[in-house]
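See structure below.
The values are calculated or read from the model by the stated rules, or taken from the named source; none is laboratory data. None of these values were measured; they are calculated from a predicted model. Virtual Cβ from ideal backbone geometry, glycine too; neighbours counted across all protein chains shown.
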Amino acid sequence: MRPRTIKQDVYCLGAVDWDRRLFDSLIPLPDGTTYNAYLIKGSEKTVLIDTVDPEMEHILLKQLEGTSNIDYVVSLHAEQDHSGSLPAVLEKYPEAKLITSEKAKSMLMDLLHISEDRITTVKDGETLELGGKTLEFIYTPWVHWPETMVAYLREDKILFSCDFFGSHIASSDIFVTDEARVYEAAKRYFAEIMLPFRGAIIEKNMDKLAKYDIHMIAPSHGQIYDNPKMIIDAYNDWLQPTPKNLVVVPYVSMHNSTKEMVEYFVSALVERGVEVQQFELTGTDIGKLAISLVDAATIVLGTPTVLAGPHPVIANAAFLANALRTKAKFVSIIGSYGWGGRTVDVLAGMIPNIKAEVLDPILCKGKPKADTFEKLAQLADVIAAKHKEL
Ligand code: FEO
């Protein structure tokens, strides 16, 4: 695709990665992604913001064929999906200075072996005059690495946000056209990389940005928001400290006993006015589970006991929930066992980051019986009551 104009003398470059299905060899990308770079031409200076994943470097270089000079290349974030083509761009433009945050400097040198003499660091709030256009750098640490910053183009009121507000969607549209689709993709992205830093850090960055008059948000993944209110409102909602009236039930079952317990329990919760999302983990896109963890007040893990502990698939989900530092206030475990094991102890030990009250687990020997269902109904009562107090 050729560079596309988003405002006068401001262009979107970059690559659409329709085929990528996994990020960091970990995060599912059901809709692919994009790596956006932006070219801004002031009357005196030209700047390129970010690059693309090195796999798609040739696309960016092709787009730059008509650009004879670049004065500055800005790296907002050192992760290679944005910085990976910097060496090639710097080689093509030997006079260009690489502008980045103080923390990013050593990271770019370590990750990409960029020579120190090419790098100029900017402080929080520093500006760069391009001639009729002024770029202001705003430090926004931990979205989602420590060195991350964004850039605000004052005259055009565009925020170049890199990962912040991004979404993994491959699309031929340059601007958001389907807000509902982007909302889900952006929430997935928020859950997977921003959620662990909520609580103060991301909120502080949001407060900082609230002072700016932003007419457009141009992220480095996904489409550009020409209605930025949509994504800003969404972030403010996802960052609310109080979780919602939602129970998430990730589970796995070997011989249907745990499944029977889960199905009874989920119905009992629904009957008590509690929203539930149930995930059978062997067939679940883990990103869907991550999305639900943004809002969940309670997590109930359903697992059989196998090899004397929780099923490894549920252990993976517990590890994820712990790493994401979810807002959940209550956790519990339900499941079936054959003769014994340490399922509860092992799982409880895996979630130290979740500062939640542990509700009495319900483990049943073999197939669930009447007293098992009674206990599950009681657990549903407890959860419904606790959610009302939130
Ligand atoms: Fe899109 Fe943190 O890289």
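Being buried (at least 22 other Cβ atoms within 10 Å of the Cβ), within 16 Å of the ligand (Cβ to nearest atom) and not in a loop (DSSP other than H, G, I, E, B) is the requirement here; does residue 297 meet it? Before you say what the answer is, go through the steps one by one.
Numbers: buried (at least 22 other Cβ atoms within 10 Å of the Cβ): yes; within 16 Å of the ligand (Cβ to nearest atom): no; not in a loop (DSSP other than H, G, I, E, B): yes.
No, not satisfied.
Considering only residues of region 339-390 that are of a type in the set (Lys, Arg) and modelled with pLDDT under 95, which is surrounded by the most Cβ atoms within 10 Å (Cβ to Cβ)?
As a first pass, look at region 339-390 and keep what is of a type in the set (Lys, Arg): 342, 355, 365, 367, 369, 375, 386, 388.
Remaining after also requiring modelled with pLDDT under 95: 342, 355.
Details: 342: 13, 355: 11.
Checked region 339-390; the qualifying residue surrounded by the most Cβ atoms within 10 Å (Cβ to Cβ) is 342.
For residues in region 300-311 being touching a strand residue (DSSP E or B) at 6+ places or on another chain (Cβ under 6 Å) and of a type in the set (A, V, I, L, M), which is surrounded by the fewest Cβ atoms within 10 Å (Cβ to Cβ)? Before the answer, list the steps.
If we filter region 300-311 for residues that are touching a strand residue (DSSP E or B) at 6+ places or on another chain (Cβ under 6 Å), which is where we start, we get 300-305.
Among the residues that remain, those that are also of a type in the set (A, V, I, L, M) are: 300-301.
Values: 300: 30, 301: 28.
Filtering region 300-311 for residues that are touching a strand residue (DSSP E or B) at 6+ places or on another chain (Cβ under 6 Å) and of a type in the set (A, V, I, L, M), the one surrounded by the fewest Cβ atoms within 10 Å (Cβ to Cβ) comes out as 301.
Being more than 16 Å from residue 71 (Cα to Cα) and of a type in the set (Phe, Trp, Tyr) is the filter; apply it to region 12-50 and report the residue that is surrounded by the most Cβ atoms within 10 Å (Cβ to Cβ). Steps first, answer last, please.
Within region 12-50, the subset more than 16 Å from residue 71 (Cα to Cα) is 12-36.
So of that shortlist, the ones also of a type in the set (Phe, Trp, Tyr) come out as 18, 23, 35.
Numbers: 18: 12, 23: 19, 35: 26.
Among residues in region 12-50 that are more than 16 Å from residue 71 (Cα to Cα) and of a type in the set (Phe, Trp, Tyr), the one surrounded by the most Cβ atoms within 10 Å (Cβ to Cβ) is 35.
Quick test for you: out of 151, 191, 180, pick the one residue that is surrounded by fewer than 21 Cβ atoms within 10 Å (Cβ to Cβ) and away from the ligand (no atom under 14 Å from the Cβ). Let's see the steps before the verdict.
Working: 151 fails: surrounded by fewer than 21 Cβ atoms within 10 Å (Cβ to Cβ); 191 fails: surrounded by fewer than 21 Cβ atoms within 10 Å (Cβ to Cβ).
Just a single option satisfies the conditions, and that option is 180.
Please verify whether residue 336 is buried (at least 20 other Cβ atoms within 10 Å of the Cβ), touching a strand residue (DSSP E or B) at 6+ places or on another chain (Cβ under 6 Å), part of a strand (DSSP E or B) and hydroxyl-bearing (Ser, Thr, Tyr), treating the condition exactly as stated.
Details: buried (at least 20 other Cβ atoms within 10 Å of the Cβ): yes; touching a strand residue (DSSP E or B) at 6+ places or on another chain (Cβ under 6 Å): yes; part of a strand (DSSP E or B): yes; hydroxyl-bearing (Ser, Thr, Tyr): yes.
Here the answer is yes, as residue 336 does meet what is asked.
Among strands (runs of 3 or more DSSP E) lying entirely in region 5-51, which contain 1 or more residues that are out of contact with any strand residue (DSSP E or B) (no Cβ under 6 Å at 6 or more places or on another chain), away from the ligand (no atom under 14 Å from the Cβ) and at pLDDT 95 or above? Even if it seems obvious, please write down each step before you answer.
Working: elements: 10-17, 33-41, 46-49.
It comes to 33-41, 46-49.
Test residue 336 against the criterion of being in contact (Cβ under 8 Å) with a residue 24 or more places away in the chain and of a type in the set (S, T, N, Q), and give yes or no. Can you show your working first?
Values: in contact (Cβ under 8 Å) with a residue 24 or more places away in the chain: yes; of a type in the set (S, T, N, Q): yes.
The answer is yes for residue 336.
Considering region 268-287 alone, what residues qualify as being crowded, with 16+ Cβ neighbours inside 10 Å, under 13 Å from residue 320 (Cα atoms) and at pLDDT below 95?
Matches in region 268-287: 286, 287.
Across region 198-219, which residue is surrounded by the fewest Cβ atoms within 10 Å (Cβ to Cβ) among those that are of a type outside the set (D, E, K, R) and modelled with pLDDT under 95? Steps first, please.
Initially, region 198-219 is screened for residues of a type outside the set (D, E, K, R), giving 199-202, 205-206, 209-210, 212, 214-219.
From what is left, the residues that are modelled with pLDDT under 95 are 199-201.
Values: 199: 12, 200: 9, 201: 17.
Across region 198-219, the extreme among qualifying residues is 200.
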